[in-house]
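The structure under discussion appears below in the form of structure tokens.
The values are calculated or read from the model by the stated rules, or taken from the named source; none is laboratory data. All figures in this text were calculated on a predicted structure; none of them were measured in a lab. Here the Cβ positions follow ideal geometry from the backbone for every residue, glycine too, while neighbour counts run over all protein chains shown. These area figures cover heavy atoms from the full protein model, side chains too; ligands, DNA and RNA do not enter into them. Shrake-Rupley method; radii C 1.70, N 1.55, O 1.52, S 1.80 Å.
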Amino acid sequence: MHALRRLWHDTAGGLPATFWYLWAGLLINRAGAFAMLFLSLYLTDARGASESTAGMVVGAYGAGGAVGVLLGGVLADRWGRRATLLAAHLATAALMVALAFSRPLLLIAALSALVGVVHSMPSPAFVAAIVDVVPAQRRSRAFNLQFWAFNLGMAVASLLAGVLAEASFTALFLVDAAATLTAAAVIGAKVPETLRQATGVPPADPSTAARSRREGLHTALTDRTFLVFVGLTFVLAVLTLQTSTIMPLAMRADGLGPSAYGAVVALGGALIVLGQLFVPRLIDRHRKDVVLAASTALLAIGFGVLAVADDLGVYLGAAVVWTVGSMLAAPPNAQINADLAPPQLRARYQSVFYLTFPAAAFVAPTLGGVSLQHLGDRHWLIVGGLGLLAALGHLLAGPARDRHVAALRRAAGREPTPRVDRVQTG
């Protein structure tokens, strides 16, 4: 019993109620966000679109996502976190219902782009709200739980989506809308506005709004310490996306079919769902830059091994290595991102940070496909080398990040934490 209490304390103890309602909203949202997973199949099977047309529509959804993260960050710092979350969820539900009954491809493309915008808007607001309400020494465990909820929700969504898609594509969109409304109801009923708590000034205060407009995204986009961290995160994202973009092609070239690819992906998902809650105990009392360097190195090694992979066993073993790297990276990566942001620009910094993922989603398949075609298995050596360079970059950038965080805390009138370089979970 004592061991169970200790495990609970290390993984989830000491977090405020508002965090848990945000966590529940995220879990419900992700578990029900399955319609867009089958968008290309819906367009080709139900709407008679060609593969190229389906690709363009899915691309419009992705382009909308890049706009959405920036818009969500600006609105979360101006309107407030709760208002942005509610607006995005309600708009998503309405657009999902519209998609369920839309027939012209041009209309579906326009709606998909708008869904991309509102789907991405909550990300900066979610994280900014978590930072607002969770004390600095407990944010590592909060972000670990957030990462776990996101992946658990996606696993549930993947299972439900296949069943619903076989029954009815219309039901796919309507159930997605219902889940989104449920998440909005939880947020609306239980999550207070946290922006005032973060800055000490009401969101509608004219002087705060004017100052935020002057600083805006420009501050985040000219913060060199922050941009170095964003660049290293971009490399991490490019490595992680190899599993869904280039690895299936490599496996096919090795004579492995879709079922083998599914087994590799399922193994990674199972490891995250089962093991992510134990991560805080592993990284406690270690420097964040060292944890990120180690995790990025594991990703590099895992993908580098694919240069000699020719059977399913090697792919599965490599998947264990890179998945552990992803699991270890999630809490400190999110915590550093939160620490580097001034309180009044917290969501804007989040929006710039989240741009790395759509950017990586473009770069990974575009350059990776060319690399694999012309270099073959040497592609994986390049990926591994890139990851090792990023690991070194984290070690070199870590001290400057710590000094930057300490300066922000002094500027905010808080006493600097004696050990700002630690991943604190206790």
*Does the range 98-108 contain any residue that is within 27 Å of residue 352 (Cβ to Cβ) and part of a helix (DSSP H, G or I)?*
no
*Exclusive hit being modelled with pLDDT of 90 or more, over 25 Å from residue 30 (Cα atoms), of a type outside the set (S, T, N, Q) and assigned to a helix (DSSP H, G or I), set 329, 294*: 294
_Given the criteria polar (S, T, N, Q) and within 23 Å of residue 333 (Cα to Cα), does residue 168 qualify?_
no
*Any residue at all in the range 41-49 that is within 17 Å of residue 175 (Cβ to Cβ) and either in a helix (DSSP H, G or I) or open to solvent by less than 10 Å² (accessible area, probe 1.4 Å) (or both)?*
yes
_Quick check on my filter: what residues within the range 131-182 are part of a helix (DSSP H, G or I), open to solvent by less than 10 Å² (accessible area, probe 1.4 Å) and of a type in the set (A, V, I, L, M)?_
131, 142, 145, 149, 157, 161, 172, 177
*Are any residues in the range 337-365 open to solvent by less than 10 Å² (accessible area, probe 1.4 Å) and basic (Lys, Arg), and if so, which ones?*
348
_Let me spell it out: the conditions are (1) open to solvent by less than 10 Å² (accessible area, probe 1.4 Å); (2) in contact with a Phe, Trp or Tyr (Cβ under 8 Å, 6 or more places away or on another chain), and residue 64 meets all of them except one. Which number is the exception?_
(2)
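Yes or no, residue by residue, for (1) farther than 21 Å from residue 371 by Cβ; (2) of a type in the set (Ser, Thr, Tyr):
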| residue | (1), (2) |
| --- | --- |
| 296 | no, yes |
| 300 | no, no |
| 311 | yes, no |
| 314 | no, no |
| 319 | no, no |
| 324 | yes, no |
| 329 | yes, no |
| 341 | yes, no |
_Could you tell me how many of the residues in the range 358-380 are aromatic (Phe, Trp, Tyr) and modelled with pLDDT of 85 or more?_
1
*Tell me, please, whether a residue that is touching a Ser or Thr at 6+ places or on another chain (Cβ under 9 Å) and open to solvent by less than 10 Å² (accessible area, probe 1.4 Å) can be found in the range 304-318.*
no
*asked:* Looking at the range 249-256, can you tell me whether even one residue there is assigned to a helix (DSSP H, G or I) and open to solvent by less than 30 Å² (accessible area, probe 1.4 Å)?
replied: yes
*Which ones in the range 90-137 are within 27 Å of residue 56 (Cβ to Cβ) and of a type in the set (Phe, Trp, Tyr)?*
101
*Determine which member of the set 90, 106, 86, 95 is open to solvent by 20 Å² or more (accessible area, probe 1.4 Å) and over 23 Å from residue 186 (Cβ atoms).*
106
*Pair list, Cβ under 7 Å, 6 or more apart: the range 217-239 residue open to solvent by less than 50 Å² (accessible area, probe 1.4 Å), other residue not in a helix (DSSP H, G or I)*: 225/340; 226/340; 229/340
*asked:* Given the criterion basic (Lys, Arg), out of contact with any strand residue (DSSP E or B) (no Cβ under 9 Å at 6 or more places or on another chain) and more than 30 Å from residue 366 (Cα to Cα), identify the matching residue among 103, 47.
replied: 103
_Going residue by residue through the range 189-199, is there one that turns out to be in contact (Cβ under 8 Å) with a residue 60 or more places away in the chain, within 14 Å of the chain's Cα centre (by Cα) and under 21 Å from residue 342 (Cβ atoms)?_
no
